[in-house]
Structures are given as structure tokens and as C-alpha cells.
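K.L.:
Starting off with a structure, shown below.
The values are calculated or read from the model by the stated rules, or taken from the named source; none is laboratory data. As the structure is a computational prediction, the values presented were derived from the model and not from experiment. Cβ: placed from backbone, ideal geometry, glycine included. Neighbour counts: every protein chain shown.
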Amino acid sequence: MTKILKQKKSIKSVAFANQKMSCSKASYATVCNTIANKPNIDQILGYHSGKLRKDLEVDKTRNIGLLYVLLSELLFGKYQSIRGGGQLKRKIVQHEKSLRETKALVVKTELNPSLIMFPRYVRVNSLKCTLQGLVKELRHEMDLRGFSKEKIFLDGCVPDLLVLNPNMSLPWHDLNLVKEGKAILQDKSSCFSGLALVNGNEKQIRGDIIDACAAPGNKTCHIAALLYQQLSSANASKKKQTVFAFDRSSSRIKILNDRMATVAPAVVAINSKQDFPIEISPTHQDFLQSDPSDPRFKNVKAILLDPSCSGSGIVNTPDRLADKISESDKNRLKSLSSFQLVALKHAMSFPNVERIVYSTCSIHKEENEDVVAVALQESNAMINDKSLHWNLVLPVSLSSWHRRGLKHDLLTEDQTNCLIRVNGLDGDDTNGFFVSYFERGMITQTTKSMTTPRINIVEGVESIYNGEFAALEQNDVETQTNLKKVEKAFVPVEEKPTVGKKENDVISSQKSATTTGAMPKKKEKRLNWKRKQVELKRMRLQKKGK
């Protein structure tokens, strides 16, 4: 937790950085809940000119992560108490009364760390499998686990993207079709970047591509798959194309290499067959340090830039909750947007590049429209030949998407209408995202291109997804009622009741223990077991269509 707070790292990168140490589910959940509660904790500590912050000596505390964990457990935890001991606990307990009183004053609504539920998205990796082949394998896995009646849909925006029930409890990461790289577990909105770059114009990219911030590699693999699909067209160029996958981090480039060896073994440079038309070349280098005049990149025609961002659009993944710590921190946003602007202008400086996609998983204007507007203005000011100026273009492949850019003083209405926005909190059924697509020179879009992509329905697939799983995101009234009945009526019985004690006395004493909150662990486990049975019954009824 301390590393997450001080080094601005994600939960996953900290929890699983050391392969010799394992992170328990309980620890992982505790950190996620602490991060979700941090804005409220900061409000409490900052109240009355930061009195409690000074009393607890927060700024002098070396183990700041542990301090936040203990405060989260005391003020927002299930038991409203601190487990364990130590100096930090003693210090917090001294101010417990003030902390609770301040909480009652400043915290109007407690944050619920539970996450928004979107459909499960599975992208078919066409480098290793066909749509029909993957659906057949997936159906087999579903049948083995009792989900034969569950429906599989196709997404209407991203080709080869399957949409499934989010409550279908398949062991996704243990399935062979995922381990072998045939199926990519990728959110819908994160597919927009590659789709906009490769299919943004009806013309094929006739050259190499740079993925400027590639690790862990899902977007890199998607680009390669889309390029490979283009080769089936009659007028497609058969010349070999290279995707340079940049990352400056040693640990992340290793993740990228391992990932590509699984999902695209035939196209990774070190294993590539000479006759395969696509090649992925992992490049351990900071993209900002790359030389646009380097002979290696003379044939680069397109760049995908999906840089580090605040992650403020991610609303359903605990791994990214850490990115929301500084959501309101203007200095953090300023620093990120400055880096993003430099990176985008650097991409625009490659002399032979014809198209660029700049994307983020942020909803902040500072990281999106602001960066795009300034980059356009400053980069074009350096180019004397107007026929080589950069232009915002609506990508053909996303032209049917309904949500567009925000109004901006430096952008025209036509330009903001070229920008793609996704809002997971406003019914888009996927995490928040932003995509901008640039082309150099004259814009040559055709009316014919501005159509919804054709989606092929194969055996085993129901139809195009049209919000069929949206109702599952709402609370099930019947289930909630049953849970309340269980909590109210279920009285756990001791396995070995005291000899000679009357049954009514035993039950009475158990009820008393339950109502006072001093529930023994065995009773707590039994109650949790009963809750789980109710939930399983609800899921079985859903499968039967009742």
C-alpha cells in the first residue's frame, strides 16, 4: 500500500512484482477497499485545517500505507475495528472518538468499493484461431460446467469480439483457450485504439507500425491480427509489415515478450517465419528517445500512442483503483498531460507517418481534448507545407459510435465530432476511454465508408449484443429479500451444546451473541455459507430462465 501511495504504481504491479512472494486474496481485497475509502479518509484528516492529520502525524509516518489500512478498517471496515496491534494502532485509538465524530460530520455518503459490472468481453485472436473455432471450444467449456443454456453474443462495433454473461463463473484464466492465446480477455473500449488505427481509413496501411507504449501487449496483438485480416482482400499489399512494440521498462518488456510468445508466436521477430507477412518486434526503448530519422523507422506509416494516464475511466477493475488516488490532484493531471503532449508531438514528428491514434483510459479533458488541441496547433505551426498538416478525422471503423468529444475553445465542432469518448458510468457497457485519430494531408473519406462494420454470425452465437445483460447489473430484489430473511431467521447451532442445557437457553444465548455483534467464527462461517447457497440458487434460476 505504501508503494502504491508513494510511487503511484498499480495494485497488480506491486502485488505480483516479486514472483517468490504470493499475495493472498484477503490482502488484495484489503488494499482495494483501502484505496476506495481513501478520498473519505483524506476528507476526515483534512477537516478543521487538518487537525487530525497533525495529531496522527500523518506526514511524518514512514509506513503511510499501513496507516491508511488501519484507518480504513476502523472507520469503514466490516467490523469497525482494528485487527492486530502496534504503535500505529495505539496512536489511532487515542484519537478514535475524534475520528468517528469527524466522519459523521464530513462523510455524507460512504464509498461502496463494489465495482460496476459490465459484460464479459472475449476477443478472438485471429492470429491463432477463427471465430467459429473459438466459439466451438468455448461452447464445449460452457457445457462441461453446466452453462449450456447461456447465450453468446457478438459485439456490434468491434469485429470478432464476443459478449458473455458477466455472472457466468467460468475459471477464465485457467481455460486452455485463454492460456494458449486463442481468446484474449480484453475490454471492449480498449479494442477501439487498434481498430481506429488499422481500419480508420478504408485504405490499407502500406508500411510499418509503432506501438509506442506497448506492454502488456493486448493492443499490439490486436493490431497484428487486424493487419493479418486485411491480407485476405484482393487488393491488399503482400509486403511484409513490422509492428515495433516499444516499452522502456525492463520488467514490462519481459511481460510483453512472454505475452507475444503466447498470443502471436508466429509473428514475434525472434521466432518469425520468413514467409509470414506480419512481424512483431519488441523494442526495449523509451519512445521519446527514439530518433524519427532512424533508418529502422523509415517505412513507419502509422503510430499508436496509448500512454500512461490517470486511469479515471476504469470503473470496474480493482487493479486500476490505485490510479484514482490523485483524480482530484491537479498537479498530477498537469504532469500527466504534459508528458502526453510531448509524446504526441514526438509521434507527429516522424516524417513518413501518415496516421496516428492517440488514446487514453481517462475521462479528464486535460488528458484528452486539451492534449489533442495543443498538439495539433503546435505541430502544424512547425510544418510549412500545409498539405502535410495533421488533421483530426472520424475513424471509419468507429463512425457509428454515439459519444463524441467535449466542446473545446481550440477545436471546431467538426473536430470534436471526430473524437470518440466512452463513459462507463453512463450506460456504455464498457470502461471509460478516449480515442483521437489523425491523418496527415488531405482527408479522403467516402460516404460509403461511413457504415456499421459487417458482423458475421456463426453457429453457437445468438446475435448482435443489444444490452441483454444490462438487467443483471441491477440488484436482484428477490435475492436481497432472501438474504435479509436468512440473516434474521437463521440461528446457527453449536456443534456440541453444553450438556444439560435446555435447547431454548442455547438458542437464546446464541441470539444474544448475534445481536451484540460478538458472533463466533463458526457461526459467522455458517451464516456466510447460507448466504452463498442463496446466491447459487439465484444463479441456477437464471440459467433455467425462471
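K.L.:
Would you say LYS179 is surrounded by fewer than 17 Cβ atoms within 10 Å (Cβ to Cβ) and touching a residue at least 12 places away in the same chain (Cβ under 8 Å)?
P.N.:
Yes, satisfied.
K.L.:
Just one of LEU144, LEU170, LEU164 is crowded, with 21+ Cβ neighbours inside 10 Å and at negative phi; which is it?
P.N.:
It is LEU164.
Each row is one residue, and each column tells you yes or no for (1) among the β-branched types (Val, Ile, Thr); (2) in the same structural domain as GLN285 (by TED's automatic domain parsing).
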residue	(1), (2)
GLU137	no, no
ARG145	no, no
GLU150	no, no
GLY156	no, no
ILE209	yes, yes
LEU231	no, yes
THR242	yes, yes
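K.L.:
Moving to a separate point now. Residues that are among the hydroxyl-bearing types (Ser, Thr, Tyr) and either modelled with pLDDT of 95 or more or not assigned by TED's automatic domain parsing to the domain that holds ALA196 (or both): find the strands (runs of 3 or more DSSP E) completely inside the stretch 350-428 holding 3 or more of those.
P.N.:
The strands (runs of 3 or more DSSP E) meeting that bar are 355-360.
K.L.:
Of LYS128, LYS78, which residue is among the charged types (D, E, K, R), closer than 30 Å to GLY200 by Cα and either buried (at least 16 other Cβ atoms within 10 Å of the Cβ) or at pLDDT below 90 (or both)?
P.N.:
One residue alone meets the criteria, LYS128.
K.L.:
Look through ARG100, ARG53 and report the one residue that is modelled with pLDDT of 90 or more and farther than 26 Å from LYS3 by Cβ.
P.N.:
ARG100
K.L.:
Just checking, how many residues over the stretch 31-66 are closer than 26 Å to ILE314 by Cα and free of Cβ contacts under 8 Å to residues at least 40 places away in the same chain?
P.N.:
Of the residues in that region, 4 qualify.
K.L.:
Within the stretch 202-209, is there a residue that is over 28 Å from ARG355 (Cβ atoms) and in a loop (DSSP other than H, G, I, E, B)?
P.N.:
Checking the stretch 202-209: not a single residue is over 28 Å from ARG355 (Cβ atoms) and in a loop (DSSP other than H, G, I, E, B).
K.L.:
Could you list, in sequence order, the residues of the stretch 375-391 that are of a type in the set (D, E, K, R) and in contact with a helix residue (DSSP H, G or I) (Cβ under 9 Å, 6 or more places away or on another chain)?
P.N.:
Within the stretch 375-391, GLU378, LYS386 meet the criteria.
K.L.:
Let me ask something else. Within the stretch 291-310, can one find any residue that is surrounded by 15 or more Cβ atoms within 10 Å (Cβ to Cβ), among the charged types (D, E, K, R), under 22 Å from the mean Cα position of the chain (by Cα) and at pLDDT below 85?
P.N.:
No - not one qualifying residue is present in the stretch 291-310.
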